[in-house]
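Undergrad: What follows is a structure written as structure tokens; I'll ask about it next.
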């Protein structure tokens, strides 16, 4: 005996060219409806089952919301049992773009990214431990513990990957008393940055240069602490220490105490494969890479 909760039970479907069709469709399974052209495949799937699922969803909304969506007509069917909220994707609108998926077409992906960003618990990508917030003393201790004779550039992130010319932001940085900035990875005086004409349609990164120092035995820790506090205040909890070879991110928000790795706050774009802040750096979010197989190019290599 079939469990009613495990099936969508359609009885007496008479939409278009359907003639009192009765069918039980199993849930949690991939079901393919095949047949000749005009046999009623779309009438059953889209105009009967999906139309009823959509109508029930709209009826569950408030009267205020229904006035914008309009009334949905009930399909010509005696009864449909076990029907859940459904999503329909028209085969004509499916894009050939590899970045377009079922999740992006139906916009469910937007809600999932928002859910992960708000309810997610970040973990260290290196050791897997849950990351926590860093204090100023912990950040100072990590900087002092760097290799001796290392030249450090303390930067306060102001703009990170946002479109625009950011002229007003440069004015605010100047009012705050800073003389240098790092604009898209290039350190320059503030006057030079103000004279630049960046493409407003491209994303830019802007950081204020807070201090420059050398890690050695004569390092003024009071000055370092003041600079760290200033950078965290201007960078809204974030600080970047550049040691001429790489950027090391420190954060008052999220940081692994074991590995010393700091992370930015979780954002919806952190979970988007269409954004450089969430995409895999190897495949750039496509899920596959195009590579040359040397064995196919040179089947008989010289030894």
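Undergrad: Within segment 185-193, does at least one residue satisfy the condition of being exposed (fewer than 13 other Cβ atoms within 10 Å of the Cβ), over 29 Å from the mean Cα position of the chain (by Cα) and in a strand (DSSP E or B)?
TA: Looking through segment 185-193, at least one residue is exposed (fewer than 13 other Cβ atoms within 10 Å of the Cβ), over 29 Å from the mean Cα position of the chain (by Cα) and in a strand (DSSP E or B).
Yes/no matrix, rows are residues, columns are (1) part of a loop (DSSP other than H, G, I, E, B); (2) free of Cβ contacts under 8 Å to residues at least 24 places away in the same chain:
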| residue | (1), (2) |
| --- | --- |
| 83 | yes, no |
| 87 | yes, yes |
| 112 | no, no |
| 126 | yes, no |
| 134 | yes, no |
| 142 | no, no |
| 151 | no, no |
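Undergrad: Would you list the helices (runs of 4 or more DSSP H) that sit entirely within segment 1-78 and hold 1 or more residues that are modelled with pLDDT of 85 or more?
TA: 41-44, 51-59
Rundown of residues vs (1) at pLDDT below 85; (2) surrounded by fewer than 21 Cβ atoms within 10 Å (Cβ to Cβ); (3) in a strand (DSSP E or B); (4) within 30 Å of the chain's Cα centre (by Cα), yes/no style:
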residue: 209; (1), (2), (3), (4): no, no, yes, yes
residue: 214; (1), (2), (3), (4): no, yes, yes, no
residue: 218; (1), (2), (3), (4): yes, yes, no, no
residue: 224; (1), (2), (3), (4): no, yes, no, no
residue: 227; (1), (2), (3), (4): no, no, no, no
residue: 230; (1), (2), (3), (4): no, yes, no, yes
residue: 233; (1), (2), (3), (4): no, yes, no, yes
residue: 245; (1), (2), (3), (4): yes, yes, no, yes
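Undergrad: I've got another one for you. Could you check segment 261-276 and list, in sequence order, the residues that are under 24 Å from residue 153 (Cβ atoms) and either out of contact with any strand residue (DSSP E or B) (no Cβ under 8 Å at 6 or more places or on another chain) or at pLDDT 85 or above (or both)?
TA: Residue satisfying the conditions is 276 alone.
The values are calculated or read from the model by the stated rules, or taken from the named source; none is laboratory data. Because the structure is a prediction, the values reported are computed rather than measured. Please note: Cβ atoms are built from the backbone with ideal geometry, for glycine as well, and neighbour counts cover all protein chains shown.
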